[in-house]
Amino acid sequence: RPIGIFDSGLGGLTVFKEIVSLMPNESIVYFGDTARIPYGSKSKETVTKFAMQNTRFLLSKNVKIVVVACNTASAYAYEALKAKFDIPIVAVIEPGAEAAVRATKNKKIGVIGTEGTIASGSFEKKILELDSSIKVFSKPCPLFVPLVEEGWTDKEVTYLVAKEYLEEFIEKEIDTLVLGCTHYPFLQDVIKKVLPDVILINPARETAKRVFEVLKENDILNSSCEEPTYYFYASDNLKKFESVASIFLNEKIKCEE
Ligand code: DGN
C-alpha cells in the first residue's frame with residue numbers, strides 16, 4: 001500500500017522529495033488542494049474541514065499512512081485528524097520543532113511560516129514543551145509563498161523581501177530558524193544571505209525521517225523490490241501543477257483531477 005501525502009498545493013512536494021530519497025521503495029499518492037490554496041490565511045475551522053476531506057480522499061486510494069505536508073494544516077488540524085482516523089498520521093510541526101531544539105546552542109530559535117501557522121503558536125508550543133528555557137521568536141512571512149510559486153527564488157526582489165522580514169532576527173541573536181512553511185526551503189539560499197550564521201531547519205527532511213520510523217514501528221515498510229509508483233492528484237489547475245511540479249522534482253509528472 002502507498003504512502004499518502006497532502007498539501008494545500010505544490011509546496012508539499014518538498015516532503016514528497018525527501019520521502020522518495022529516504023524510502024525509494026515506497027509508492028506514494030500525493031494530493032495538492034490547488035482549488036483551495038492558500039490555507040495560510042484561512043480559519044482553523046475551514047482548514048480542519050479541508051484536511052479531513054483530503055485525508056478521506058487519500059484513504060479512498062488505500063494509503064497506509066497520511067502525511068500532512070502542509071504546516072498550516074498540521075498546525076490547525078493534526079489533533080482533529082488523529083482523533084478521527086485510525087490510520088497513522090504524521091504532520092510536519094513536531095519533527096521540525098524537535099530538530100530545532102536539538103540544533104540550538106544558545107536556546108534562541110526563530111520560527112517563520114504563514115499567518116495561520118504563526119497565529120496558531122503550534123511550533124512555539126511544541127518547542128517549549130520540549131525545553132521551556134528556550135526563547136522563541138515567531139514571524140509570519142506571507143509574501144514568500146507567492147514569490148516561490150512565481151519561481152522567483154533567486155531574484156533581487158526576493159532578497160529585499162527576505163531582508164525586510166528577517167533582519168530583526170539578527171538583533172534577537174537566534175542561532176536556529178525553523179522554515180515552517182512548505183515553500184520556504186526553496187528560499188534557503190536567499191535566507192542564508194540575510195542570516196549567514198543561523199542553522200536553517202527544514203521540517204520536510206525531519207518529517208520524512210519520522211515517516212520512516214512510524215512505518216517501521218508499525219511493521220508496514222515496503223519490503224518488496226517492485227518499482228514504486230507515484231500518483232499525483234490536484235483539485236484544480238492540473239496543467240500548472242504538472243509544469244511547476246516537473247520543475248520542482250526535475251522530472252516530468254502526470255497529474256489527475
Ligand atoms: N502549504 C502551506 C504551508 O505550509 O503552510 C503554504 C501554502 C499556503 O497554503 N499558503
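The values are calculated or read from the model by the stated rules, or taken from the named source; none is laboratory data. The structure displayed is predicted, hence computed values, not measured ones. Cβ sites come from the backbone with ideal geometry, for glycine too, and all protein chains shown count toward neighbours. Heads up: the accessible areas ignore ligands, DNA and RNA and are worked out on the full protein's heavy atoms, side chains in. Shrake-Rupley method; radii C 1.70, N 1.55, O 1.52, S 1.80 Å.
Per residue, what volume in Å³ does the convex hull of the Cα atoms of the stretch 85-202 enclose?
107
Computed from the mean reciprocal separation of all distinct C-alpha pairs, what Kirkwood hydrodynamic radius does the chain have, in Å?
Its Kirkwood hydrodynamic radius stands at 18.3 Å.
Using a 10 angstrom cutoff on alpha carbons, build the Gaussian network for the chain and name the most mobile of R102, R36, R205.
Result: R102 has the largest fluctuation of those listed.
Mind checking the full-extension length gain between T229 and L249? Use 0.36 nm per residue of separation minus the Cα-Cα distance, one decimal, nm.
Length difference between fully extended and current span is 5.7 nm.
Report the residues of the stretch 25-68 in range of a label on A80: point 7 Å along Cα→C-beta, backbone N strictly under 14 Å from it.
39-40, 42-56, by backbone N distance to the label point.
Compute the angle between helix 13-22 and the longest alpha-carbon principal axis of the chain, please, reported from 0 to 90 degrees and rounded to the nearest 10.
The angle comes out near 70 degrees.
Got a number for carbon plus sulfur as a percent of the chain's accessible area, 1.4 Å probe? Provide the component values of the computation, followed by the final result.
Working: 5980 of 11990 Å².
Of the solvent-accessible surface of the chain, carbon and sulfur hold 50 percent.
What whole-number value in Å² describes the accessible area per residue of the stretch 195-245 for a 1.4 Å probe?
Computed with neighbouring chains in place, this is 59 Å² per residue.
Work through the residues other than K209 whose Cβ is under 15 Å from its Cβ and net out their charges, Lys, Arg +1 and Asp, Glu -1. Numbers along the way, then the final one.
Numbers: positive: K17, R102, R205, R210, K216; negative: E18, E26, E94, E98, E206, E213, E217.
Here the charged neighbours net out to -2.
In a shell of Cβ-Cβ distance under 10 Å around Y231, excluding Y231 itself, what net charge do Lys and Arg (+1) and Asp and Glu (-1) give?
+1
Within the set K42/K107; K82/K126; K108/K155; K49/K172; K108/K209, which residue pairs have Cα atoms separated by over 26 Å?
With Cα atoms farther than 26 Å apart: K42/K107; K108/K155; K49/K172.
Can you give the helix-only mean residue ellipticity at 222 nm for the chain, where every DSSP H stretch with n ≥ 4 adds -39500 (n - 2.57) and the sum goes over all residues, rounded to the nearest 500 deg cm²/dmol? The partial results should precede the final answer.
Numbers: 12 runs with 123 residues, N = 257.
Taking each H run of at least 4 residues, the total per residue is -14000 deg cm²/dmol.
Kindly provide the pair-distance distribution of the stretch 10-71 built from C-alpha pairs, with 10 Å bins from 0 and whole-percent values in order of increasing distance.
Over the stretch 10-71, the share of Cα pairs per 10 Å bin runs 19, 53, 25, 3 percent.
Just read off the accessible area of V29 with the full protein assembly in place, 1.4 Å probe, to the nearest 10 Å².
10
Calculate how steeply helix 238-249 sits against the longest principal axis of the alpha-carbon atoms of the chain, using the helix alpha-carbon long axis, and give the answer as 0 to 90 degrees to the nearest 10.
Taking the Cα atoms of the chain, the angle to 238-249 is about 60 degrees.
Checking the table K84/K192; K105/K240; K139/K216; K44/K163 against a 32 Å threshold on Cα-Cα, which pairs fail?
Those over the limit are K84/K192; K105/K240; K139/K216.
Can you tell me the 0 to 90 degree angle between the C-alpha axis of helix 93-103 and the longest principal axis of the chain, rounded to 10?
Orientation of helix 93-103: about 50 degrees from the principal axis.
Need one number: convex hull volume per residue for the stretch 114-156, Cα atoms only, in Å³.
Enclosed volume per residue, from the Cα hull, is 94 Å³.
Please find, in a Gaussian network model of the chain (springs between Cα atoms separated by less than 10 Å), the residue of C141, C225, C181 whose mean-square fluctuation is greatest.
C225
Near P142, within a Cβ-to-Cβ distance under 13 Å, what is the net charge of the other residues, with Lys and Arg +1 and Asp and Glu -1?
It works out to a net charge of -1.
Which order do peptides 16-23, 151-158 fall in by mean Cβ count within 10 Å, highest first? Intermediate values should be presented prior to the final figure.
On the way: 16-23: 18.2, 151-158: 13.8.
Ranking, from highest mean packing down: 16-23, 151-158.
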